[in-house]
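Written below as structure tokens is the structure these notes are about.
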Amino acid sequence: MINDPARWRSDYQRDGYLVIEDALDKPTLDRLRRGIEKITADPDGFPPHLKRWLDFERDFIKRKPQYNELAVSQVGNAVRNIGELPLFDPMFAELIVYPPLLDVLQVLFASTEFQFYNYKCIVKAPRVSSKSQWRRDLPYLEHSTPNLITAMLCLDPMTERNGATVVLPGTHRIGHEPAKPGDKDIPETDLPAVPRVTVTCPAGAAVLFHVNIIHGGGANRSEHPRPNIIGIWAGPDTYPVTASRLAYHGLMPRSADPARQRQVRMSFPRLFAQSAMDNAQEARSAMCARESPHGG
Ligand SMILES: O=C(O)CCC(=O)C(=O)O
């Protein structure tokens, strides 16, 4: 990933969103794609404690038929959204500490003290997905300030045809109070008269946006899925104000606080095992060096 903090900051502040085309390295991208494919290939095979996090197109059509011209009988068992992704495979939990994404978040928040909220995947299944309604994310999130970022990792290219995200640049610049619960589903007729931008990008791109930006997107009528892993991150001194807590919610992977660093290391023993072994080896070598009369 090309390190370009000045552009990241200025795009985000001016437009309310930012595209980084080469955020995911190839092995990570391939692994994540395989992980999502495995879930969507056999969604009925999961035990109830995981299946409850799968939202199917057939159920969404029953709730909101206006977002799909297809009928329940035409969409099979296509998965629309995988909630609580970190519960499905440790690779998704470990994505919380993926350094390139953390580098960008640290620049945008201008702080190391930001927190993980959740990871989900909006799949936009080939041929049958629903459209995404126009919305702001803030009203869903219910936090004490609007300093939150939605960070999407695009596992396939986003194109007009497969339902790329559409944003209304500049609409993030509103206060906390004016973002109302009704902004979860904004009728076309209530949208501000500003240009709309379809965010097209290659597989492996990250698209980060302010949770107050108005966004939506078309249906996927292409032959390929459009899986985006979507993370929500809360900036410094920004806390949830509801009873709900999610998997790994509140981890602070860049925090300068040693207690928070310890929490992250202990949450991902598999990832940090190697560095713990390296530290122990270093400590043993240092001790041997002290005990040897010749220092060798
Ligand atoms: O899937 C998309 O295109 C946007 C998703 C999103 O931002 C959301 O979950 O609100």
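The values are calculated or read from the model by the stated rules, or taken from the named source; none is laboratory data. The shown structure was predicted, so the numbers you read here are calculated from the model rather than taken from an experiment. Because the Cβ atoms are built from the backbone with ideal geometry, glycine has one as well, and the counts that use them run over all protein chains shown.
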Could you tell me whether Gly235 is touching a strand residue (DSSP E or B) at 6+ places or on another chain (Cβ under 9 Å), touching a residue at least 24 places away in the same chain (Cβ under 8 Å) and more than 16 Å from the ligand (Cβ to nearest atom)? yes
Counting only residues that are small (Gly, Ala, Ser), touching a helix residue (DSSP H, G or I) at 6+ places or on another chain (Cβ under 7 Å) and within 12 Å of the ligand (Cβ to nearest atom), how many does the range 127-174 have? 3
Do we find that Asp183 is within 16 Å of the ligand (Cβ to nearest atom) and at pLDDT below 95 in this structure? yes
So, in the range 241-266, exactly how many residues are at positive phi and among the small types (Gly, Ala, Ser)? 1
So Pro99 clears everything in (1) within 15 Å of the ligand (Cβ to nearest atom); (2) more than 30 Å from Ser222 (Cβ to Cβ) except one condition, right? Which one? (1)
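Run down Ala289, Ala234 and say which single residue is at pLDDT below 95, surrounded by 11 or more Cβ atoms within 10 Å (Cβ to Cβ) and not acidic (Asp, Glu).
Being at pLDDT below 95, surrounded by 11 or more Cβ atoms within 10 Å (Cβ to Cβ) and not acidic (Asp, Glu) holds for just one of Ala289, Ala234, which is Ala289.
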Okay, helices (runs of 4 or more DSSP H) sitting entirely in the range 1-59 with 1 or more residues that are under 20 Å from Val197 (Cα atoms), I get 5-15
